[in-house]
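A short write-up of the structure that comes next.
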Amino acid sequence: MFRPLTLNRINKNGVCAVKEFNNNGICRLTSTNVLKKKINLDILRSAIEKEFKNQNYPDTLSLAEIKNKRIVNLIEGILDSEYIKNFFSQLEQTNDCGPVSLLPLQGNIMRNCFSGPQCGKHGWHRDAEKEYKIEYCSKLMETKRYVFGKLSIALQFNNDYGGNIDIIPNSFSASSYYSRKIKILKKITSKLLSKNLFKGVNPLNNTEWLGDSFYKIFDPQSLNVKPLEVICFDPRIEHRGTPHSPMAWNHLKSKNDDLIIKKNTLSNTNHLPFELNKYMIYFHFGSEDGLVSNLCGRRDLDTYSNEIGTLQEQIDNLKLFNEIFPNSKRIFKNALKKVDLAMGI
Ligand SMILES: [Fe+2]
């Protein structure tokens, strides 16, 4: 884990959060002190683990497919917050971007998702990578009306076993693709990590992390907020899931030899101590132009129509979109129409 990132202080009118979000692409929206009801973290984590088990351990779950309604109620309770609503209103005023609201996201709860330098992956990316490659999206991203990002709630602290994300603070830029330096380094480290060129050279026997550690020249920082605090980040900031430290990984492997990171998810974790599981809750939020750009970026994927089905199911069935954030439905409906128009169908 890198040194912790310092985030803005919380104020109810959302002014500090909007300033931080527009300048740095990441900010804190709520602290646990402002939750209307106290939430027992262990009970929520246990209920989520049971739900994943009952559904045969998928990588992620959509809130609309969760059978245990207590989990859904608790998550809705965290998000039904004046702090978050005021943040959206403040963004609307500051950026003059039309309504901003909570938006659906395919995998709302991610279980044990990590970047895996120990498995040949550095994991650094920007969620907007596909959008930068589409001219229509690039133009939207250059305007203040493009407001988009992820709301995130961690259910653990970040530490040697991971638990949140790492970011490169200075990488946030509204309009350019990568800074050249990051792009070149990513290419080099991908090669080094996949070929494992340092094997047998490094006396610490943590060869894979050595390739990954080149990123230290960009002064990355780790997010370490309290469990249940809500933060948000823009898709144009370079980030990754905090990986296990070499020592923590060796410890896990000594107890469970068949652990492996596949597609950024730690597999075969059924026998790990429960407290070492990582759970992250995510939603999207944004303006209509932000969502249009995001969907245009995903429209060529084979999975696109399935994704839209999942998002629509959340929009139709969750109290979050029917009552708590009433602007979401209209933003979603208008964005879907605009995407078809923009992409020529
Ligand atoms: Fe990401």
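Worth a mention:
- Subset of Lys139/Lys187; Lys130/Lys226; Lys19/Lys144; Lys12/Lys144; Lys12/Lys36; Lys130/Lys187 violating a 20 Å alpha-carbon distance limit: Lys139/Lys187; Lys130/Lys226; Lys12/Lys144
- Linear extension gain, Asn159 paired with Arg145, 0.36 nm per residue minus alpha-carbon span: 1.4 nm
- Principal semi-axes of the equivalent ellipsoid, √(5λ) from the alpha carbon gyration tensor of region 15-342, are 31, 25, 18 Å from largest down.
- Magnitude of the charge dipole, the chain, Cβ model with Lys/Arg +1 and Asp/Glu -1, debye to 20: 420
- Relative contact order of the chain, pairs being alpha-carbon contacts under 8 Å that are 6 or more residues apart, as %: 29
- Peptides 10-23, 48-61, ordered by how many other C-beta atoms sit within 10 Å of their residues on average, highest first, read 10-23, 48-61.
- Between region 282-345 and region 56-115, the C-alpha centres lie 13 angstrom from each other.
- When only the Cβ of Lys, Arg, Asp and Glu is charged (+1, +1, -1, -1), the dipole of region 1-160 relative to its Cα centre reaches about 360 debye.
- Potential extension, Ser173-Lys37 segment - 0.36 nm per residue separation minus Cα distance: 45.2 nm
- Multiplying the residue separation of Ser46 and Asn250 by 0.36 nm and subtracting their alpha-carbon distance yields 70.9 nm.
Where a number appears in this text, it was derived from the coordinates with a stated rule and is not lab data. Quantities reported herein were computed from a predicted structural model and do not represent experimental measurements. Don't worry about glycine lacking a Cβ; one is built from the backbone with ideal geometry, like all the others, and counts go over all protein chains shown.
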